[in-house]
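J.: One structure is given below, represented as structure tokens, and several questions about it will come after.
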Amino acid sequence: MKDVAPMFPRARIPYGTWGSSFFPAWQTSALAEVNIGQFAGEAMNRILGLRKIPKSELEYLIIGSTIPWHWKFWNAPLVASYLDHRIAGYHLEQACATGLQAIVAAGAEVDGGAQDVVGVLTFDRTSDSPAGVFPERRSYERTMVLSDVWDNFGFDPATGKAMIACAGQGARKYHCDRREVDELALHRYDQYFRARASGFLDRVLVPLEVLNIQGRVLGTVDDDLGIRKVDAASLRAMFELDTCVTAGTQTHASDGMATLLVTTRERAVELSTRPEIEIQFIGKTDVRADPSLMPEAPALAVKKLLDRVGLTIDDMAVLKNHNPFAVNDVIFAKYFDFDWRKMNNTGCPLVWGHPQGPTLTRVTIEALEEAVDLGGGYVLVFGCAAGDVGIAAIFRVTDGGDRR
Amino acid sequence: MKSMRQPTLETLGLGTVLEIFQRGKLPLETGDIVDQVFGPSDSRGSLVISGANGIVGAGKTMQLGSRLSPFGVRIVGLDFPDAPDGIGRQYPGLLRAFGRERAGQIMSNIIRLSYDGKNLPSELKGLRPAFLLEAIPEILEIKKKHYQVFRDTFPGIEIRSVTSGFPSSQLGVGIAHPSFPHEINKVWETVEQEPGIAGKLFWSLGLIPVPVSDDWSFVLDVLFCGLTSAALRFHRASNVPYWRIDKYVRRLLGPNPFRAHDAIGAKGANFLTWSCLHDLTEKYGKLFEPTPELVKRKETGQNWYPLNHARPVINWRFDEEENQLFESWVLGPIIQMTSLMLHESRAHFSHINAIGELCAQFRRGIMAVIRGLGADEAIKKVESYHRLHKDAANAAWYPDVFAQIESNAWQQLYVNAEHDGTVGVITLGRESYNSDVNAELNRAIDWLKAERIDRVIVTGDFHFSTQMVGADTSEFYPAVEDPSIGLAISTNWSKTARRLYHEFKVSVAYINGKRCLGGMLELLMHCHYLVAADDATVGMPEVTLPVIPGMEGCHWPLRKAPRENWPKILQLLLTGRSVPADKTVGWLTDFVGSSAETLPVVWKIATGGDHGLEPRPLAEGGLSGIPAEINLPPADSPSMTAARKAILACIRESCETPLADAIAVQARHSADFMSSRDCRKGMIGTEANKVMNI
């Protein structure tokens, strides 16, 4: 493994202190009935408990979400109260980049010496499909109810186009082949189901029992509901919504949360279930692609990041991305002349859904777990976000034997 | 005279239960002790309660006011002029308990005076203060100055502090530390030089004084604050929310420590718990050290449970490993704290046990819990706790005390036996019957038999069992799921009850007032004679729960009653309504009267003297002619209708069966019904589900 300087020398992600809920699809689970901010706070507490991390270890909380939730004004301090741990923190939001931005922001907090143990907690409930009441001055109906979570996907105010149009435009620019896109989607499903069957995801995903107001069990969130096994013929038969884009080759809306900790080297040794494993922040960058070329943006971001840190794509042990459209991965592979079969080995948002805030947090956790299984190496996490944005980050996982 | 272990009555300086029957009178008359404390009726002094508007002060103003007003003792409620009206807030409760007229009388007997904390109001002299119950804030120096002012002004005044933690040696006065809720809880932990005047006064007023040693904090506070502390440490280690820990603690032991704090009032309760643990930490070390969560809540007064709009959305369910961890964190420290209290000889073993049950919601007292575990397992629990909390291992741990676990003092926590060589007395020191009482009763009978005693009186202990409410329904929780457990309980308890009939030449049960219901009544009716004080009521409320009486209540009383009285027994069983004991003479009881009348009669029956009562024979063959129907008021619910039908079927079948086979019949009916849908949907089933299925 090449040696490069970390971007946050002081910050570490303690192995094994993380977890994610399953991501049930829109309106399919008990998550459709709860305040997602409260759910996320309580779920983080439960996950830390299962990981044997007393919540009193937490000094600061960075939360990330993109869809309005009840009492969102009260922000991270309120979510911390749902953990029953009165600490400060703030809310961070950048569409589907939120999960990775929050992790990097936590690294910066630790590296800058502001905090020693920062919790990253990202969550969203697309099931909210919020009926926001916004007295927009120029609205043709003042104080109208806007169901604009869905409209966000359908309309980029900067370009006037829908996200799906970006996917189609990207596919056209890179001359993507529908058969390859379908084949890739099929492979991604296969990767996910193999990871489920192997038990790999049990190290990441935590079943959570949801209560109603009377304290009775409303349901258990213990599956990525909404995922159906697909086959080549059914994918092939699907109607093309835009170039190379069908219902089978794009993601779906879902609900969920994901959390991890960022801390110092010393505290990571204390908190981790396997202190011999060290996880460092190597680098991170963002780019903005040309209008309506969002699927290209991740590749551009990765290129920029690799150039900046002095690594190549071949130096990466694990590649994992947020890929709302299968064409994202085809474009990435073409851009780097890379075999797309070698990435997203344990599943990806194309398959398990798209709750926005926590999406890239879960991607990161799965990627780090995969690197640990491989005995360490560089981990490349990347993805696209609304506004034709690409984000990419590299982590280094080192298995150095027992360092206690 | 011999006894299995020291009678708890003796700790109050009131002799033994056997002596009560020998003398034919109670050890104290209330009028006499009131005269002794407050002076004769023509110059009666008053009871002053300082801090009377606080939670403790106001509650005790009501409790003592209602009991002392018939004797013309004025209650003086003393407090700062700006204290919120705590006494006035008690009035609705008083109204509910006593009705408008009596509540008015009690309130008009209370004189409220304000003072500035330094000078006593001049009107006080005219009220002749004879007894000061101090309930002012927990600041030692202020308390001491307060006593001095009273002593300077009223030399000879009796003073007791309700302090929540200071020892008498620090305060310089005796202690009468009451238990929450203060309006109704009868238990007071008392610290007096010898069995003293306060204990005797409280006992004569129908309260439950419990003498304890003069140490930092009280038995209740060690148990309750200790349990809270243990639960907090578990929370700190596991992140499990307080509300969820409460449910697991309730399933394991009975209390909801965090809910209790919120119910009492988190601001005050958090402070008192912190204060208690802080003092105990100073004295005994880290075992008691308040956690940062408690320190913070002491400062903020914040509730432990989430606000209503933030009711929890995520459940926590323990697997076996988590449950073991939970038990180590919670049981370990409580057992260790108990070892400390035993090492210091803080109180009679039955006192330590009863305080947990009567004041801290323990389903079984801590001594019974430890006895159930056994010495080795108890020690293992503490050692396992020490592996989690190493600082606790360094002090206040006395495993040697568990060597006493086989002693009668520990084995007979609820049931004692005394005898004078001829007559024995079995005393039941628990209001409700459970498997512990059953086992102890068997041992008491064995002991008397071994002592060659064949004449026995069975009664309460004249101390803790101020009433006998029947079976402890928490015993039935597992039987709701598994009828074989119900069958075993019913069969075993019935066999124990029959020993009172079969194994003594004469057995006489005595109901010492208030009430005797359900399983306790079934037990006592097995004696050859049943005598009751005339202020007692008796009843079989099982149908209202609903369950079927399981200790032979469906046939035993009919076998002893004249046929023409059978409808009255059926009324008792099928309506669940209690009746005054004096209405049951001849068909359920054999004699009812004042204590002056009944105590000598009981003694005469027991000793074979001339009591003039005809024994009611027990029909051992099958009975016929059980009424198929009787006039009953409408049932309260469909489940009560079902229970009536089931009880009637049990009555008919168990009565028609010869006595030798009747236990099996009744037990089968009882067990089957307990696992039925009607019982599961009733009070016991609902409680069992709430407490056990979490």
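The values are calculated or read from the model by the stated rules, or taken from the named source; none is laboratory data. Predicted model, so just to flag it, every value in this text is computed and none were measured. Note: ideal-geometry Cβ built from the backbone for every residue, glycine included; neighbour counts use all protein chains shown.
J.: What is the number of the single condition among (1) of a type outside the set (A, V, I, L, M); (2) free of Cβ contacts under 8 Å to residues at least 60 places away in the same chain; (3) touching a Leu at 6+ places or on another chain (Cβ under 6 Å) that B:Glu475 does not meet?
T.: Only one criterion is unmet by B:Glu475, namely (3).
J.: Consider B:Leu113 carefully, then state whether it is touching a strand residue (DSSP E or B) at 6+ places or on another chain (Cβ under 9 Å) and either over 25 Å from B:Gly39 (Cβ atoms) or of a type outside the set (Lys, Arg) (or both).
T.: yes
J.: Out of everything in the range A:1-44 that is among the charged types (D, E, K, R) and away from chain B (no Cβ under 14 Å), what residue ends up being nearest to B:Ile314 (Cα to Cα)?
T.: A:Arg12
J.: Spot the failing condition for A:Thr249; the list is (1) surrounded by fewer than 18 Cβ atoms within 10 Å (Cβ to Cβ); (2) closer than 22 Å to A:Val330 by Cβ; (3) at pLDDT 95 or above, and only one is missed.
T.: For A:Thr249, the failing item is (1).
J.: State all residues of the range A:1-44 that are among the hydrophobic types (A, V, I, L, M, F, W, C), under 16 Å from B:Arg311 (Cβ atoms) and surrounded by fewer than 24 Cβ atoms within 10 Å (Cβ to Cβ); if no residue qualifies, say none.
T.: Once the filter is applied, which keeps residues that are among the hydrophobic types (A, V, I, L, M, F, W, C), under 16 Å from B:Arg311 (Cβ atoms) and surrounded by fewer than 24 Cβ atoms within 10 Å (Cβ to Cβ), the range A:1-44 yields only A:Ala30.
J.: Do the conditions hold for A:Val262, that is, is it within 14 Å of chain B (Cβ to nearest Cβ) and at negative phi?
T.: Taking the combined requirement at face value, the residue does not satisfy it.
J.: Go through the residues of the range B:308-326 one by one and say whether even a single one is part of a helix (DSSP H, G or I), assigned by TED's automatic domain parsing to the domain that holds B:Leu388, hydrophobic (A, V, I, L, M, F, W, C) and touching a residue at least 12 places away in the same chain (Cβ under 8 Å).
T.: Scanning the range B:308-326, I find at least one residue that is part of a helix (DSSP H, G or I), assigned by TED's automatic domain parsing to the domain that holds B:Leu388, hydrophobic (A, V, I, L, M, F, W, C) and touching a residue at least 12 places away in the same chain (Cβ under 8 Å), so the answer is yes.
J.: Scanning for something within 30 Å of A:Gly377 (Cα to Cα) and modelled with pLDDT under 95, does the range A:259-273 turn up at least one residue?
T.: yes
J.: When you scan the range A:197-221, how many residues do you find that are touching a Ser or Thr at 6+ places or on another chain (Cβ under 9 Å) and either more than 14 Å from every other protein chain (Cβ to nearest Cβ) or not hydroxyl-bearing (Ser, Thr, Tyr) (or both)?
T.: Residues in the range A:197-221 being touching a Ser or Thr at 6+ places or on another chain (Cβ under 9 Å) and either more than 14 Å from every other protein chain (Cβ to nearest Cβ) or not hydroxyl-bearing (Ser, Thr, Tyr) (or both): 12 in total.
J.: How many of the residues in the range B:250-291 are within 14 Å of chain A (Cβ to nearest Cβ) and over 19 Å from A:Asp84 (Cα atoms)?
T.: Total satisfying the criteria: 1.
J.: Now for a separate question. Testing A:Met343 on (1) in contact (Cβ under 8 Å) with a residue 40 or more places away in the chain; (2) under 21 Å from the mean Cα position of the chain (by Cα), one condition comes back false. Which one is that?
T.: (1)
J.: In addition: Under the condition of being closer than 18 Å to B:Asn303 by Cβ and more than 11 Å from chain A (Cβ to nearest Cβ), which residue from the range B:234-249 is surrounded by the fewest Cβ atoms within 10 Å (Cβ to Cβ)?
T.: If we take residues in the range B:234-249 being closer than 18 Å to B:Asn303 by Cβ and more than 11 Å from chain A (Cβ to nearest Cβ), then B:Asp246 is surrounded by the fewest Cβ atoms within 10 Å (Cβ to Cβ).
J.: Against the definition (in contact (Cβ under 8 Å) with a residue 24 or more places away in the chain and within 14 Å of chain A (Cβ to nearest Cβ)), how does B:Trp329 come out, yes or no?
T.: yes
J.: Can you name every residue in the range B:439-486 that is on the phi < 0 side of the Ramachandran plot and part of a loop (DSSP other than H, G, I, E, B)?
T.: Across the range B:439-486, the qualifying residues are B:Glu451, B:Ile453, B:Asp454, B:Asp461, B:His463, B:Phe464, B:Ser465, B:Thr466, B:Gln467, B:Val469, B:Asp472, B:Asp482.
J.: If we keep just the residues of the range B:379-433 that are among the β-branched types (Val, Ile, Thr) and not in a strand (DSSP E or B), which is farthest from the chain's Cα centre (by Cα)?
T.: The qualifying residue farthest from the chain's Cα centre (by Cα) is B:Thr422.
J.: Among (1) more than 14 Å from chain A (Cβ to nearest Cβ); (2) under 28 Å from B:Leu373 (Cα atoms); (3) aliphatic (A, V, I, L, M), where does B:Ala231 come up short?
T.: The failed condition is (1).
J.: Could you grab the pairs with beta carbons closer than 6 Å, sequence gap of 6+ or different chains, first residue in the range A:367-390 and touching a residue at least 12 places away in the same chain (Cβ under 8 Å), second one among the basic types (Lys, Arg)?
T.: A:Ala367/A:Lys320; A:Glu369/A:Arg203; A:Tyr378/A:Arg396; A:Val381/A:Lys320; A:Asp388/A:Arg288; A:Val389/A:Arg288
J.: Looking only at the range B:171-191, which residues are in contact with a strand residue (DSSP E or B) (Cβ under 9 Å, 6 or more places away or on another chain) and either without any contact (Cβ under 8 Å) to a residue 24 or more places away in the chain or closer than 21 Å to B:Asn353 by Cβ (or both)?
T.: B:Ile175, B:Ala176, B:His177, B:Pro178, B:Ser179, B:Asn185, B:Lys186, B:Val187, B:Trp188, B:Glu189, B:Thr190, B:Val191
J.: Scan the range A:179-195 and tell me whether some residue there is within 14 Å of another protein chain (Cβ to nearest Cβ) and of a type in the set (Val, Ile, Thr).
T.: no
J.: I would also like to ask the following. When you go through (1) modelled with pLDDT of 95 or more; (2) surrounded by fewer than 17 Cβ atoms within 10 Å (Cβ to Cβ) one by one for B:Val76, which number turns out not to apply?
T.: B:Val76 satisfies every listed condition except (2).
One line per residue, one yes/no per condition, for (1) crowded, with 18+ Cβ neighbours inside 10 Å; (2) within 14 Å of chain B (Cβ to nearest Cβ); (3) at pLDDT 95 or above; (4) under 21 Å from A:Leu31 (Cα atoms):
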residue: A:Arg46; (1), (2), (3), (4): yes, yes, yes, yes
residue: A:Ser56; (1), (2), (3), (4): no, yes, yes, no
residue: A:Tyr60; (1), (2), (3), (4): yes, no, yes, no
residue: A:Ser65; (1), (2), (3), (4): yes, no, yes, yes
residue: A:His70; (1), (2), (3), (4): no, yes, no, yes
residue: A:Ala80; (1), (2), (3), (4): yes, yes, yes, yes
residue: A:Asp84; (1), (2), (3), (4): yes, yes, no, yes
residue: A:Ile87; (1), (2), (3), (4): yes, yes, yes, no
residue: A:Thr98; (1), (2), (3), (4): yes, no, yes, yes
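J.: Taking B:Glu299 and the conditions (1) more than 14 Å from chain A (Cβ to nearest Cβ); (2) without any contact (Cβ under 8 Å) to a residue 24 or more places away in the chain; (3) over 22 Å from the mean Cα position of the chain (by Cα), which numbered condition does it fall short on, given that it satisfies the others?
T.: (1)
J.: Please enumerate the residues belonging to the range A:185-206 that are surrounded by 13 or more Cβ atoms within 10 Å (Cβ to Cβ) and not in a helix (DSSP H, G or I).
T.: A:Val204, A:Leu205, A:Val206
J.: Please verify whether the range B:549-560 includes one or more residues that are in a loop (DSSP other than H, G, I, E, B), in contact (Cβ under 8 Å) with a residue 12 or more places away in the chain, of a type in the set (Asp, Glu) and surrounded by 24 or more Cβ atoms within 10 Å (Cβ to Cβ).
T.: yes
J.: May I pose another question? Take the residues in the range B:205-218 that are crowded, with 24+ Cβ neighbours inside 10 Å and at pLDDT below 95, then tell me which one is farthest from the other protein chains (Cβ to nearest Cβ).
T.: B:Phe218
J.: Which of the strands (runs of 3 or more DSSP E) contained wholly in the range B:29-115 include at least 2 residues that are of a type in the set (Gly, Ala, Ser)?
T.: Passing ranges, in order: B:46-50.
J.: Can you list residue pairs whose Cβ atoms sit under 6 Å apart, with the first residue in the range B:124-145 being in a strand (DSSP E or B) and the second being surrounded by 16 or more Cβ atoms within 10 Å (Cβ to Cβ) and among the polar types (S, T, N, Q)? Count only pairs 6 or more apart in sequence or on different chains.
T.: Qualifying pairs under 6 Å: B:Pro129/B:Ser46; B:Glu134/B:Ser50; B:Glu134/B:Ser161.
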